[in-house]
Amino acid sequence: MPGKTLPLKIGVDAEWNQIVWQGTYNYNRYYWRPAFTVQVGQPYETPEDNWETVEMTNRMSNSDVEGRPFEFSITPVQNVPLGLLKSKQFSQLKPNESQMAVYYACYKHLAKLAARNLKIRNGTNRLLKLGTASIIAFGGWLMYEYVKRICRKSGVDTDKIDRMK
């Protein structure tokens, strides 16, 4: 994919997904929470690119550092060329199966992150924090269920995505 920082090799065997995982590990080790944006629909993108992104997202979502789960946000966005915005073709833009899988994996992680943060209730006004966290967790779950339903209607095997590590 043009514009992607590949091939980036560090050491003998390091690949981009290992570099991202290690960077996230280091951020989390020192209590930083990175925010990622994943763009799908790039020119020359292959389904394998997207499936690798799904695997990496699931791996990081299930990883931990020093007994704490990885904390990161990941937002999927569709690449839309500016010229397409004014044309009638914009409304016909449909993500393929591998792109929908990226959306599903990202929103699944975000719902998991929101639910996990619901349990963190420290500070002075616990009722306010619990109320806010509950709304955020519910919104994360709602968005995840919406994306899951769209994926299933499109024929995407969400169980396959859940099993990917």
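Nothing in this text is a laboratory measurement; each read-out follows from the coordinates by a stated rule. For clarity, every value in this text was computed on a predicted model and none was experimentally measured. Neighbour counts are summed over all protein chains in view; Cβ atoms, including those assigned to glycine, are modelled from backbone coordinates with ideal geometry.
A few comments on the model shown:
- Residue-span extension gain [TYR27 to GLN42] - 0.36 nm each, minus C-alpha spacing: 2.6 nm
- Residue by residue, the stretch 59-72 carries 3J(HN,Hα) couplings of 4, 5, 5, 9, 8, 9, 10, 6, x, 10, x, 4, 10, 7 Hz when phi is fed to the Karplus relation 6.51 cos²θ - 1.76 cosθ + 1.60 (θ = phi - 60°); x denotes Gly or Pro.
- Projected label distance in nm at ASP162 and LYS94, using a 7 Å step from Cα toward the beta-carbon: 2.6 nm
- With both labels modelled 7 Å from their Cα along Cα-to-Cβ, the ARG152 to GLU15 distance reads 3.1 nm.
- Per-residue Karplus couplings for the stretch 101-117, computed as 6.51 cos²θ - 1.76 cosθ + 1.60 with θ equal to phi - 60°, are listed in order as 5, 5, 4, 4, 4, 5, 5, 5, 5, 4, 5, 5, 5, 5, 5, 5, 6 Hz, Gly and Pro entered as x.
- Interchain or long-range residues, amide H under 5 Å from VAL65's placed H: PHE70
- Sites LEU130 and GLN78 - FRET efficiency at Förster radius 35 Å, r taken between beta-carbons, to 0.05: 0.50
- Pairs of lysines in the stretch 16-163 (C-alpha under 25 Å apart; 8 or more residues apart or interchain): 18
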